Amino acid sequence: KLPDGRRHPHQRHVSAKDLVAVERRLRNLDFSTTHSFDALHSLVESAVSTVFKAAELLAYDTSLRFGCHLHLEPELIYLHRTTRKGARHLGIRGSTASIKQLPKAFHALTPSEIEDCLCIYEASIAEITSRYVPR
């Protein structure tokens, strides 16, 4: 939820019933052997996807928040929904990407900051690449 108590917009497509079921599954996870963000993400994604099939964004957002508490940060850029579209405009395919695959302008950012940029600026990236990048 947001500080004002409203649901975060990333979870607007998940029913309240599914969110309760996801919370129940997450509370039963054992994080004691989770020592990387990738392992954390896999654990969360497996729990979330059993309840909500379009779980990529929910799993990433949840993993990112748990990762803050566990001091685990992504080493890769996780591509889902709009971030995947932004990455495709840059010629990147798949479910993750490394910083090295992106133009140098992104190299000063962390993977989670790049994930934000690919999502927020997807339309701008599309416009720029359609003008300046030969296809």
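What dipole magnitude, in Debye to the nearest 20, does the stretch 47-135 give about its Cα centre under +1 on Lys/Arg Cβ and -1 on Asp/Glu Cβ? Walk me through the numbers before you get to the answer.
On the way: 11 positive and 9 negative charges, 93 e Å.
Charge dipole of the stretch 47-135: 440 debye, to the nearest 20.
Which loop-located trypsin sites (Lys or Arg not before Pro) does the stretch 1-30 contain, where loop means any DSSP state but H, G, I, E or B and the Cβ has at most 15 other Cβ atoms within 10 Å?
When the trypsin sites (Lys or Arg not before Pro) of the stretch 1-30 are filtered for loop state and at most 15 Cβ neighbours within 10 Å, LYS1, ARG6, ARG7, ARG12 remain.
Using alpha carbons only, what's the Rg to Rh ratio of the stretch 31-101 with Rh from Kirkwood?
Across the stretch 31-101, the Cα-based Rg/Rh ratio is 0.99.
Which of the DSSP-defined H helices in the chain satisfy a minimum axial length of 18 Å, computed from C-alpha atoms, and a minimum mean Kyte-Doolittle hydropathy of -0.5?
Values: long enough: 56-70 (20 Å, 0.29).
Within the chain the helices that satisfy the rule are 56-70.
For the chain, with every protein chain kept in place, what is the accessible area per residue (1.4 Å probe, Å²)?
I get 64 Å² per residue for the chain.
Among all lysine pairs in the chain that are eight or more places apart or on different chains, how many have alpha carbons less than 26 angstrom apart?
Lysine pair count for the chain: 7.
Please report the carbon-and-sulfur percent of the accessible area for the chain; probe 1.4 Å, protein heavy atoms only, DNA, RNA and ligands left out.
Looking at the chain in its full context, I get 54 percent from C and S.
The values are calculated or read from the model by the stated rules, or taken from the named source; none is laboratory data. Small disclaimer: the values here were computed from a predicted structure and weren't measured. Positions of Cβ are generated from backbone atoms using ideal geometry, with glycine treated the same way; all protein chains shown enter the neighbour counts. For accessibility, only protein heavy atoms count, side chains too; no ligands or nucleic acids. Shrake-Rupley method; radii C 1.70, N 1.55, O 1.52, S 1.80 Å.
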